[in-house]
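The values are calculated or read from the model by the stated rules, or taken from the named source; none is laboratory data. No experiment lies behind these values; they were computed from the predicted model shown. When we count neighbours, we look across all protein chains shown, and the Cβ atoms used for this are built from the backbone with ideal geometry, even at glycine.
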Amino acid sequence: MGDNQQPTESPAERAGQGLWEKLRRRKVAQWGIVYAAGAWGFLQGLEYVTDTFHWPDRILQFTTLALLVGLPIVLVTAWYHADRGQQRISAAELVIITLLFLVGGGIFWRYDRATDAASPATVASGLPGATQGTASVIAEKSIAVLPFVNMSGDAENEYFSDGISEEILNVLAKVPDLSVAARTSSFQFKGEKRDVAEIATLLKVRMVLEGSVRKQADRVRVTAQLIDAGTGFHLWSETYDRELKDIFAIQDEIARAIGTELKVRVLGKGEGAVAVSGTTNVEAHDLYLRGLTLWRVREEDELFAAIDAFNRAISADPGFAEAWGGLAMTYAVLSDYSNRLTPGDTELRSLDAAQRALALDPTAAEPLLAMGNVAGKTGRRQTAAALLRRAIELRPSSATAHQWLGTTLVEMGSVEDGIASLKRAAELDPRSLIVASNLASMLSIAGRDKEAIAACLPTLEYAPDAILCSSVVGLSYLILGDRERARPFFDRWAASVGGGTERQVAELFEVLLGQGDRKAFVRRLLAFPARSWRDPQSGNLFSDLDVPVLLMLLGEQGHALDYVDRSSHGTGLDLAWGVLMPSLDPIRCEPRFVAAVERIRIVDHRAARLCASKN
């Protein structure tokens, strides 16, 4: 090709130039640029308004989708009008544009609904007849305190960083206008690298507090930041370098700063408020934090270690009300996990510690919780309910208070009110194993076994070794007649307990399938001493809740009645839930059964209807 020869254009190039010329002549590009600039400006303004007035994020999302749908409509309209030389949109065109917007919006709406339906939070458990709850509304004044990260490089200081989080959480939990995620749930994410927005969604909160603690010699550095999970913005952050003796002031400062950001009055005290921990003794505070960490484990050895830590904290500072409260709470639950002390002994020790705590701080919720728990165990359920309601007034975000009130109300015959209270506990502590299992048990008592299973299955996804939920789900499946689904949960339950209980489960299912010696299995089951399931070496997996139901499922009504009669002469702590199970309806109106219910001092909500029809 010579230097002066002009290059020839290909047909494709000529077509491209022709198309661009048409677009330029019809001003389609100009229309598109103007529309995009206007849409962007409108969205910026809308985002500012939604943030300012806390409007739902969906408004911004749907507006964005609508503007995206509008772009091709604007471009097509520009081409069409420029081609015809018209400046105004006709009525027919307006109808067409409206229909296009509706069709596009409908497509996006269906896509959005499909996405929500497929999300883990809204997928049903797959059980036939399982109910699906509506999405929870996240309160504006709601917060989760994540465990502060231990930056000290010493695992022995882990309890200290956890304790800082615990102290701040306890302060915030006393605020009536503030919903605070329970420690059990927020600490589930310890060590996990998850997005703050994801954690906030799982815990159903708007705000998240996170931070770190570096403790070296007699110095400590605490860094904290408050995040609005809805927007991702950091609302507040601060770093505190202090001597270790000032740790109480640091906790106080952080709690006050968060309260200011949330526009609620956190402490209700003046500027000269004392340390929120209730002690200025560093050793006592340190031991108290150790005790709290051990109490949360809820295992026999850890509970006794917690008692030791709280007692040592009290020795260091006898006026430390919170240490007395921790001691009262530990003794209140000890009989549920250990046979070392009698229930009567643990109850007296719990009440003594609770009364000492109240004498030092009449506004403390923990001693009321302990006293309410003990009152329920000793059959004084009206008193228990009153104490627990007062604890909720003092600590509205206490999941434990709502949990214990819920089970107490069911034992008093108010089943639906009790379930409602337990559901509130589950909202406050959505990842609590004990709350989930208690809720499931009460649903089973109400005859709603499919819902009971659905309440516990999510827990078993992140805590597969959760004994309580495995037992409730397995028993509920048996009640529903689904032995195949029940067996894996019984096996999981036995594997967690050990001590020969695996063989007991195998024998149970052999009998249920008609392949074992039923009478021999029943004799062995009835031969176990009271509270033997608390002894991991006894070989017995089943409590007073389980045994009567299993005997009824095996067709042994007479033995079930004998078991209820015999067990009601003891403490009756575990029998209460067992006698309320619908499986026992065939023997519910028997005089010995009625007498047993009276001895354990509960209200049998099923007897009023069933027994009246038989008289």
Please go through the stretch 308-321 and pick out each residue that is surrounded by fewer than 20 Cβ atoms within 10 Å (Cβ to Cβ) and over 20 Å from THR363 (Cα atoms).
ASP308, ASN311, ARG312, SER315, ALA316
Among helices (runs of 4 or more DSSP H) entirely inside the stretch 136-219, those with 1 or more residues being among the acidic types (Asp, Glu) are 158-173, 196-203
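Which of the helices (runs of 4 or more DSSP H) found entirely inside the stretch 380-440 contain at least 3 residues meeting this: of a type in the set (Val, Ile, Thr) and modelled with pLDDT of 95 or more? Break it down into steps so the answer makes sense when it comes.
On the way: elements: 381-394, 399-411, 415-428.
Result: 399-411.
For ALA370, state whether it is assigned to a helix (DSSP H, G or I), touching a Ser or Thr at 6+ places or on another chain (Cβ under 6 Å) and of a type in the set (Gly, Ala, Ser). Before you say what the answer is, go through the steps one by one.
On the way: assigned to a helix (DSSP H, G or I): yes; touching a Ser or Thr at 6+ places or on another chain (Cβ under 6 Å): yes; of a type in the set (Gly, Ala, Ser): yes.
Spelling it out, ALA370 is indeed assigned to a helix (DSSP H, G or I), touching a Ser or Thr at 6+ places or on another chain (Cβ under 6 Å) and of a type in the set (Gly, Ala, Ser).
Please state which one of HIS605, HIS569 is surrounded by fewer than 20 Cβ atoms within 10 Å (Cβ to Cβ), at pLDDT below 90 and part of a loop (DSSP other than H, G, I, E, B). Step through it out loud before you land on a result.
Values: HIS605 fails: at pLDDT below 90.
None of the others qualify; the one that does is HIS569.
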Read through the list (1) within 14 Å of GLY413 (Cβ to Cβ); (2) acidic (Asp, Glu); (3) touching an Asp or Glu at 6+ places or on another chain (Cβ under 6 Å), then give the number of the only condition that ASP604 fails.
(3)
Of the conditions (1) among the aromatic types (Phe, Trp, Tyr); (2) without any contact (Cβ under 8 Å) to a residue 24 or more places away in the chain; (3) in contact with a helix residue (DSSP H, G or I) (Cβ under 6 Å, 6 or more places away or on another chain), TRP493 fails just one. Which one is it?
(2)
Note on GLY500: of the conditions (1) more than 21 Å from VAL297 (Cβ to Cβ); (2) in contact with a helix residue (DSSP H, G or I) (Cβ under 7 Å, 6 or more places away or on another chain), unmet is (2)
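Of the residues that sit in the stretch 303-347 and are hydroxyl-bearing (Ser, Thr, Tyr) and in a helix (DSSP H, G or I), which one is farthest from MET371 (Cα to Cα)? Reasoning before the result, please.
Step one: filter the stretch 303-347 for residues hydroxyl-bearing (Ser, Thr, Tyr), giving 315, 330-331, 335, 337-338, 342, 346.
Going one step further and asking which of them are in a helix (DSSP H, G or I), we end up with 315, 330-331, 346.
Details: SER315: 23, THR330: 12, TYR331: 10, THR346: 12 Å.
Per the criteria, the residue is SER315.
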Report yes if LEU292 is buried (at least 20 other Cβ atoms within 10 Å of the Cβ), closer than 28 Å to PHE542 by Cα and at pLDDT below 95, otherwise no.
no
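This table checks each residue for (1) in contact (Cβ under 8 Å) with a residue 60 or more places away in the chain; (2) among the acidic types (Asp, Glu); (3) in contact with a strand residue (DSSP E or B) (Cβ under 7 Å, 6 or more places away or on another chain); (4) under 18 Å from ALA401 (Cα atoms).
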residue: ALA321; (1), (2), (3), (4): no, no, no, no
residue: LEU327; (1), (2), (3), (4): no, no, no, yes
residue: SER335; (1), (2), (3), (4): yes, no, no, no
residue: SER338; (1), (2), (3), (4): yes, no, no, no
residue: ASP345; (1), (2), (3), (4): no, yes, no, no
residue: LEU351; (1), (2), (3), (4): no, no, no, yes
I'd like the full set of residues that are closer than 15 Å to ILE164 by Cβ and of a type in the set (Ser, Thr, Tyr), limited to the stretch 230-244.
THR239, TYR240
Going by the conditions given, is GLY578 surrounded by fewer than 21 Cβ atoms within 10 Å (Cβ to Cβ) and at negative phi?
no
So GLY558, is it touching a helix residue (DSSP H, G or I) at 6+ places or on another chain (Cβ under 9 Å), part of a helix (DSSP H, G or I) and of a type in the set (Gly, Ala, Ser):
yes
Go through the residues of the stretch 373-385 one by one and say whether even a single one is of a type in the set (Gly, Ala, Ser), within 21 Å of VAL472 (Cα to Cα) and surrounded by 19 or more Cβ atoms within 10 Å (Cβ to Cβ).
no
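Just to be sure, is PHE542 crowded, with 17+ Cβ neighbours inside 10 Å and in a helix (DSSP H, G or I)?
Numbers: crowded, with 17+ Cβ neighbours inside 10 Å: yes; in a helix (DSSP H, G or I): no.
No, not satisfied.
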